[in-house]
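Bear in mind that the values in this text are calculations on the coordinates, not laboratory data. It should be emphasised that the depicted structure is a prediction, and the values quoted were computed from it without experimental measurement. Note: ideal-geometry Cβ built from the backbone for every residue, glycine included; neighbour counts use all protein chains shown.
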Amino acid sequence: MDRALDVEIEDLSKYFGSFCAVDKMNFNVKHGEVFGLLGPNGAGKSTLIRMLTTLVTPSSGHARVNGFDVVQNPNGVRQSIGVIPQAMTSDLDLTAWENMTIFAKLYGLSPQKRKTAIHDLLGAVNLLDWADKPVKTFSGGMRRRLEIARGLVHEPRIFILDEPTTGLDPVSRVAAWEMLDRLRRERDLTVMLSTHYMDEADKLCDRIAIVDHGKLVALDSPLKLKTSIPGTNTIEVSFSSVPADWQRTLESLPDVATVKSDDGVYRLSSNNGPRTVLALMDAVHAAGISVASLSVQSTTLDHVFVHYTGHDLRDAAHKPNPAESRFIIRR
Amino acid sequence: MHRLLAIIERDLRRFKANPTLVVMSLMMPLMQLVILGYAFGGQIKHLEIGVVDQDGHVPATKLSAMLNAVAANARTYETVPYADEGRALADLRDGRINGVVTIPPNFSRDLLAGKSPTVALIEDNTDQFSSSALAGSMASLLGAYNGNGLPPRTTASASLSVVEVYPYVPYIQYLLPGTIVLAIFMAAMMGGGIQYIDDKARGIHEGYLVTPVTKFELIMGFNLAGTIKAFLSGSVLVILGSLIAGIPDPFNLLRLAHMFAVVVLTALALISMMFLIMVRIDDPVVPRMIFGLLNTLLYFPSGAVYPTSSFPGWMRVLSQFDPFTYAVHGFKTLVLKNTGFAAIDIDILFLAGFTVITMAAATVLFKRTL
């Protein structure tokens with residue numbers, strides 16, 4: 001067992017009846033890294049996180065968290081992790097301080113330690129002034145910050161967050177990112193988070209696992225993932241009409257690496273965006289058609305996602321996962 | 001107009017999409033019809049009377065035989081022979097029997113001598129329905145006895161003297177024990193049912209399950225918290241209800257102590273029952289749906305509003321498995337008769353056993369995963 005590995009996953013699968021939510025997944029998370037699970041709703045991220053947090057029993061394979069097997073020694077796992085579930089789970093009728101106290105007690109902190117830990121953490125998430133206010137008076141961002149503080153009350157080694165910023169406004173999201181980054185550095189945490197926001201994964205994570213239909217499709221640092229796909233620019237273009245053999249014409253343009261078309265929109269990966277666009281204009285003119293829409297972007301994780309999964313993150317059809325109770329009130 | 005139709009369509013589509021809800025909404029009134037229909041006004045049967053024959057001669061034996069005949073045919077009451085009147089009266093006070101018929105020592109001699117002897121019916125009047133039925137039945141029995149049951153050439157007739165053991169019990173006092181149990185049930189339903197499932201649906205429990213809290217701690221925590229809340233509700237009703245209903249000497253400390261003990265036991269039993277019902281439920285609509293159903297099913301067959309002795313057989317079986325029956329009987333005995341625990345030993349045993357069984361079953365069914 002490698003002590004530098006905080007999470008080890010071997011051939012981990014979860015079936016709900018015949019539905020495969022997680023399919024033979026393998027990866028490790030090193031101590032101190034921020035590891036992101038990126039994928040659309042229904043990709044299996046939450047099921048994977050629930051297996052790692054002992055909420056769902058795996059169908060096959062193994063998972064160890066901080067060296068503890070999630071099935072053999074769930075309490076070892078629970079003591080090692082701080083968890084922010086996807087749903088907002090703070091008690092609305094209780095104050096921030098009371099919410100923190102209940103969890104500190106569930107983790108068995110002594111009264112003295114409890115007081116210091118809660119004070120420090122509420123300070124760290126800028127909620128000290130709100131400590132005695134009921135959580136029902138909090139905004140979504142404040143509730144999320146309180147939950148981040150709550151998850152750290154027992155000084156866990158590993159912090160696991162399931163879609164921590166879903167439903168937050170852009171300002172609160174950035175504030176949550178900064179807070180997470182600071183807490184991670186100050187407390188020497190390993191962070192594992194799931195998200196379907198590309199920018200969040202890009203900004204926060206040291207490594208990203210792209211998950212789709214329960215499978216791990218790519219795993220690397222954001223930079224390496226971006227350079228792993230052809231082209232440094234992506235040109236998305238559509239035309240007034242499409243002449244014969246147009247795909248081949250586009251592929252023959254200078255610096256073009258790949259051309260993919262989807263519902264009339266052509267996606268060109270290019271190693272030199274401006275040069276390709278100029279040549280594209282000439283080709284359009286020569287063909288006697290016109291451009292209906294055109295955009296040139298640097299390669300982002302969006303493009304990486306499309307490259308590896310064959311579809312857009314936003315287009316991914318949401319297959320209902322039987323593990324997600326329809327009665328769970330999500331944000 | 002289209003907008004109006006859209007609103008109607010949406011509501012009807014939702015109605016159609018939830019067949020369980022439709023069925024349950026019909027179940028509730030149907031169950032009320034059946035339970036309430038049989039809960040009130042049925043002919044009272046199976047009361048128990050102690051018969052003390054202090055005379056033992058033929059006319060007295062004949063009267064005893066007529067009592068036994070009514071027991072065997074009309075079944076208004078069953079007779080329990082007692083040799084000792086003191087013992088019979090003790091059992092009457094403890095609620096083991098509903099009345100005592102005493103045939104005095106000189107009954108036969110007086111009757112044959114032309115004097116009109118008196119048969120005493122001492123009855124437990126805490127249940128007005130039962131005591132009137134008993135007095136009525138005894139009066140007509142003596143009528144029949146005087147008509148054709150007496151030996152020939154007898155000119156005298158026996159008369160009935162009815163003695164009530166307790167002061168007059170108005171119906172509001174009769175209803176109070178059931179109301180105390182209902183308050184405990186409401187607290188159990190709110191805390192152990194509706195709020196528990198709402199918390200579960202909101203993900204509050206998910207937050208607990210990722211901590212090292214054990215299954216036992218979780219279950220006991222939920223149960224004891226519910227019991228404390230239900231105890232508070234029950235205790236308020238014990239005090240406020242006693243004042244409102246005009247229970248004599250409402251602050252009798254010994255009785256209050258006895259009652260609080262039964263409140264705790266009832267709260268434990270009802271919370272455990274609720275936890276067992278809810279242990280595998282996720283849908284917040286379910287507890288709201290079964291609220292009324294449970295209320296009807298548990299409250300009316302318990303004897304809270306009308307004696308169980310008037311129920312048809314199937315409903316008496318239902319009442320024998322109903323924890324309300326024992327709680328109501330326990331409170332009735334303590335409030336209206338001011339007895340100790342000896343008179344309610346069966347109630348205490350049932351409630352304790354019920355708690356242990358339902359709690360054990362709920363613990364087995366409880367899942368510490370999602």
remark   = Note to self, chain B gives a 222 nm [θ] from helices alone (DSSP H runs n ≥ 4, -39500 (n - 2.57) apiece, / all residues, nearest 500) of -20500 deg cm²/dmol
inquiry  = Averaged across A:71-80, how many Cβ atoms of other chains sit within 10 Å of each residue's Cβ atom?
reply    = 2
message = Test of the criteria: in region B:312-359, which chymotrypsin sites (Phe, Trp or Tyr not before Pro) are in a DSSP loop and have at most 14 other Cβ atoms within 10 angstrom of their Cβ?
response = B:Phe321
ask   = Taking Cα pairs under 8 Å and at least six residues apart, what relative contact order does chain B come out at, in percent?
value = 20 percent
task = Starting with the fewest neighbours, write out B:Lys16, B:Lys200 ranked by other beta-carbon atoms found within 10 Å of each beta-carbon.
result = B:Lys16, B:Lys200
query = Where does helix B:171-187 land angle-wise versus the long Cα axis of chain B, in degrees 0 to 90, nearest 10?
reply = 20 degrees
query = Considering only DSSP beta bridges whose two residues both sit in chain B, what percent are antiparallel, to the nearest 5?
reply = 20 percent
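Between the DSSP loop rule and a limit of at most 16 other Cβ atoms within 10 Å, which trypsin sites (Lys or Arg not before Pro) in region A:1-34 are left?
A:Arg3
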Selected from B:Ile348, B:Ile281, B:Ile180 as most flexible by GNM, with chain B as the system and alpha-carbon contacts under 10 Å = B:Ile281
query = If each of A:Val242 and A:His311 carries a label point 7 Å out from its Cα toward its Cβ, how far apart are those two points in nm?
reply = 1.9 nm
query = Say each of B:Arg87 and B:Ile8 gets a label point 7 Å from the Cα, pointing the same way as Cα to Cβ; how far apart are those two points in nm?
reply = 7.5 nm
key: Residue mean of other protein chain beta carbons inside 10 Å, B:356-369   = 1
message = Connecting C-alpha atoms closer than 10 Å in a GNM of chain A, tell me which of A:Arg144, A:Arg207, A:Arg248 has the biggest fluctuation.
response = A:Arg248
ask   = Considering every residue in A:149-155, what mean count of other chain Cβ atoms within 10 Å of its Cβ is obtained?
value = 1
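Given a cut-off of under 8 Å on Cα pairs at least six residues apart, what relative contact order in percent is computed for chain A?
Across chain A, relative contact order equals 20 percent.
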note = With +1 on the Cβ of every Lys and Arg and -1 on the Cβ of every Asp and Glu, the dipole magnitude of chain A about its Cα centre, in debye rounded to the nearest 20, is 940 debye
note = If A:Ile148, B:Ile277, A:Ile208, A:Ile289 are placed from fewest to most neighbouring beta carbons inside 10 Å, the sequence is A:Ile289, B:Ile277, A:Ile148, A:Ile208
key: Label-point gap, in nm, between A:Arg185 and B:Leu240 - each point 7 angstrom along Cα→Cβ   = 5.8 nm
task = Give, as ranges by residue number, the residues of region B:291-319 whose backbone N falls under 13 Å from the point 7 Å along Cα→Cβ of B:Ile357.
result = B:318-319
query = Residues with beta-carbon under 15 Å from that of A:Ala292, excluding A:Ala292: net charge, scoring Lys, Arg +1 and Asp, Glu -1?
reply = -2
query = Nearest-5 percent of antiparallel DSSP beta bridges in the protein assembly as shown?
reply = 55 percent
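Given a Förster radius of 35 Å and the C-beta distance between A:Lys224 and B:Thr369 as r, what FRET efficiency does 1/(1 + (r/R0)^6) yield to the nearest 0.05?
Efficiency at R0 = 35 Å is approximately 0.45.
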task = Could you state the angle between the C-alpha long axis of helix B:19-39 and the longest principal axis of the C-alpha atoms of chain B, as a value from 0 to 90 degrees rounded to the nearest 10?
result = 10 degrees
inquiry  = At R0 = 22 Å, how high is the FRET efficiency between B:Ser161 and B:Ala65 if r is their beta carbon distance? Nearest 0.05 is fine.
reply    = 0.55
ask   = Can you give the FRET efficiency for B:Ala120 and B:Leu30, using 1/(1 + (r/R0)^6), R0 = 45 Å, r = Cβ-Cβ distance, to the nearest 0.05?
value = 0.45
ask   = Along the charge dipole of region B:5-95, Cβ charges K/R +1 and D/E -1, which of B:Ala71, B:Ile8, B:Ile49 sits furthest on the positive end?
value = B:Ile8
query = Nearest 10 degrees, 0 to 90: what angle lies between the long axis of helix A:170-187 and the longest principal axis of chain A (Cα atoms)?
reply = 60 degrees
query = From a point 7 Å beyond the Cα of A:Asn75 in the direction of its Cβ, which residues of region B:211-236 have a backbone N at a distance under 11 Å?
reply = B:212-217
query = For A:Met179, B:Met274, what's the fewest-to-most ordering of other Cβ within 10 Å of each Cβ?
reply = A:Met179, B:Met274
remark   = Relative contact order as a percentage, region B:66-202, C-alpha pairs under 8 Å and 6+ apart, gives 22 percent
Antiparallel content of DSSP bridges confined to chain A, in %, to 5 = 70 percent
